[in-house]
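Heads up, the thing below is written out as C-alpha cells.
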C-alpha cells in the first residue's frame, strides 16, 4: 500500500521543487535492489501500481542461481550459461554474474530474505533445466520471488532517503540531446496532466514484455513501457528477437497463466501427451531438463498436433508442502496434481532482449541506466538459463548503483529542463479489451514458431496499429511488438528461443548479438511489407 507519510505532494510539474538526484522507474527486484544499493543517496522509485504489484519478480518461483555447492564452481556456472545461450552469450558478462552471485545472495539474506537452509545453516540447493549442478537457492520450494520482494519492500520502507511514488506510469524520457534529464509520467485518469520529473540519473527497471502476448506468465503491466520509452529517445535495443517461452504454464484459461516451476521437472516430473507418452525423450537427451526453448517447442508441437501436453508430477514427494504456489493454482483450477497430470502450454515468460547496456548498466544514452528484464546485458544470449534472471537483476542493480555513485557528485539543486508540452502527447487511456487483437497477433506470428511471411504480416499490422491507435498504451504495445518482430524478421536462422520455420537451422555466420534502433525497426517493417506485397 502507498505510504502517505513518506510521499510529498505530487500533483503537477509546478509542485516539484527541484531536480531529483536519481529516479528509478519500476519497483520490482531490480529497482528496489538498486535503490537500496544507492543508499544513502536520495532516490525516487516511480511505480505504476502499488509497490510490489505488477512486478514479474514477485511471481518468480524457482529462485536464484549461484555456485554455492561443494561440487559446483563459478566456471561451471559460466559454462552452463554460455551453453544455454546458444552461441551468443557475452562470456565476460556471464563471468561477472557467476562470480558476483554468492555476494548478492548474501546481500539478499542480509535484507531479510528467508532462503531455505538445512540444520547446519547451509543453503538448500535445487536443480533446474540446463544446469549441470544443483545451484538454485529457493524459498519454501516455489516462493522465492514473493519472499524476496516482501523482504526488499520492507527494507526499502526503512530507508529515509528512498521515496516511493505509486500510481505513476512511465510515458517518455525527458531528453536534452543525447542526455536523459528525467522522465515524463502519467497519473491515473484519461485526462490527467502528465508530470515531468527531472533527474540527474534515470534507471529503467520497468520489467519485460510478456503482456504483449495472448498467453503469458507475466503481469499484464509487463508491456514494454521502458523499452519503448528508451527506443523513442534513440537508445540502442539489443537481441529483441529473443523471447523466452516457458514450456509449463498451466493451461487453465487464466490470464496471466499460472506457472508450473521448472524445479518440478528437476525433482522428476515428466511431460506427457494425452496417451501418456513422454515426448521429450525423443527430442533431446536431457528430455524434460533440456533448455527451455527445446522444451517449449516440444510442448507447442504436441498441442499443435492435437495430442495435448501435460506435466505429470504425481511422483514428486510432498508436492503440496514443497511447491505450495503451484499446488494452490492447480486446486483453484479444479486439478488435483497428486492424482492427475497438469495441462500445460508455452507462455511468454522472459525477454532476453532489451535496452543495450554495458557491464555497469549504462545504456547508449548519457544519464540513462537499465537493469533487470528491460535491459539486455548479453548474459542470456538466445536463451536464458533458468534462475539467472533474478541473479542478473541484483548483480547489475548493484553495479549500476556503484557506477552512478562513482560518476555523480553529491546532490545539489539544478535548473529544470524544459518539459514537453501536453499538446505534443497522445491521449492517455487504458487500452482495455482493444489489445486482444494485438496480443493474438504477437502469439500467432511472433511466438514460439515464426516464419518470414508471418513476421511480415505482423510488422505491417503493428505499424498500422502504432500509427492509428487511439490509446497511448496500445500505441506503445505496438511499438514494442514492432521492435521485436523487426529483429526476428532480420535474423534468418533459428537460434535459441528464436525459431524460424523457413530457416530451421542454425547459421554459424549469424552467431552474434543483434542491435537496432526504433528507426531501424520501422525501416525493416517498411521493407518487409513491400516484400510481402
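The values are calculated or read from the model by the stated rules, or taken from the named source; none is laboratory data. Worth saying up front: this structure is predicted, and the values here are computed from it rather than measured. Here the Cβ positions follow ideal geometry from the backbone for every residue, glycine too, while neighbour counts run over all protein chains shown.
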Test set (1) within 19 Å of residue 373 (Cα to Cα); (2) surrounded by fewer than 24 Cβ atoms within 10 Å (Cβ to Cβ) - residue 258 fails condition number: (1)
Just need a number here: residues in segment 483-533 that are farther than 28 Å from residue 246 by Cβ, part of a loop (DSSP other than H, G, I, E, B) and over 20 Å from the mean Cα position of the chain (by Cα). 1
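For (1) buried (at least 16 other Cβ atoms within 10 Å of the Cβ); (2) closer than 24 Å to residue 140 by Cβ; (3) within 24 Å of the chain's Cα centre (by Cα); (4) at pLDDT below 95, each residue gets a yes or a no:
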residue	(1), (2), (3), (4)
288	yes, yes, yes, yes
294	yes, no, yes, yes
302	yes, no, no, no
309	yes, no, no, no
319	yes, yes, no, yes
323	yes, yes, yes, yes
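For residue 509, indicate whether it is over 24 Å from residue 372 (Cβ atoms), modelled with pLDDT under 90 and surrounded by fewer than 23 Cβ atoms within 10 Å (Cβ to Cβ).
no
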Look through 188, 219, 247 and report the one residue that is assigned to a loop (DSSP other than H, G, I, E, B) and either in contact with a helix residue (DSSP H, G or I) (Cβ under 9 Å, 6 or more places away or on another chain) or surrounded by 21 or more Cβ atoms within 10 Å (Cβ to Cβ) (or both). 219
When the residues of segment 274-286 are narrowed to those that are touching a strand residue (DSSP E or B) at 6+ places or on another chain (Cβ under 7 Å) and over 19 Å from residue 386 (Cα atoms), which ends up surrounded by the most Cβ atoms within 10 Å (Cβ to Cβ)? 279
When the residues of segment 325-342 are filtered to those that are touching a strand residue (DSSP E or B) at 6+ places or on another chain (Cβ under 7 Å) and surrounded by fewer than 20 Cβ atoms within 10 Å (Cβ to Cβ), which remaining residue is farthest from residue 210 (Cα to Cα)? 335
Taking the criterion of being touching a strand residue (DSSP E or B) at 6+ places or on another chain (Cβ under 6 Å), farther than 30 Å from residue 448 by Cβ, at pLDDT 95 or above and in a helix (DSSP H, G or I), would at least one residue in segment 399-421 satisfy it? yes
Does residue 52 qualify as being assigned to a loop (DSSP other than H, G, I, E, B) and out of contact with any helix residue (DSSP H, G or I) (no Cβ under 9 Å at 6 or more places or on another chain)? no
Please verify whether residue 101 is assigned to a helix (DSSP H, G or I), in contact with a strand residue (DSSP E or B) (Cβ under 9 Å, 6 or more places away or on another chain) and touching a residue at least 60 places away in the same chain (Cβ under 8 Å), treating the condition exactly as stated. yes
Here is a check on your reading of the model: is residue 99 farther than 23 Å from residue 37 by Cβ and surrounded by 15 or more Cβ atoms within 10 Å (Cβ to Cβ)? no
Which numbered condition residue 89 misses (of (1) modelled with pLDDT of 95 or more; (2) outside any loop (DSSP other than H, G, I, E, B); (3) touching a helix residue (DSSP H, G or I) at 6+ places or on another chain (Cβ under 8 Å)): (2)
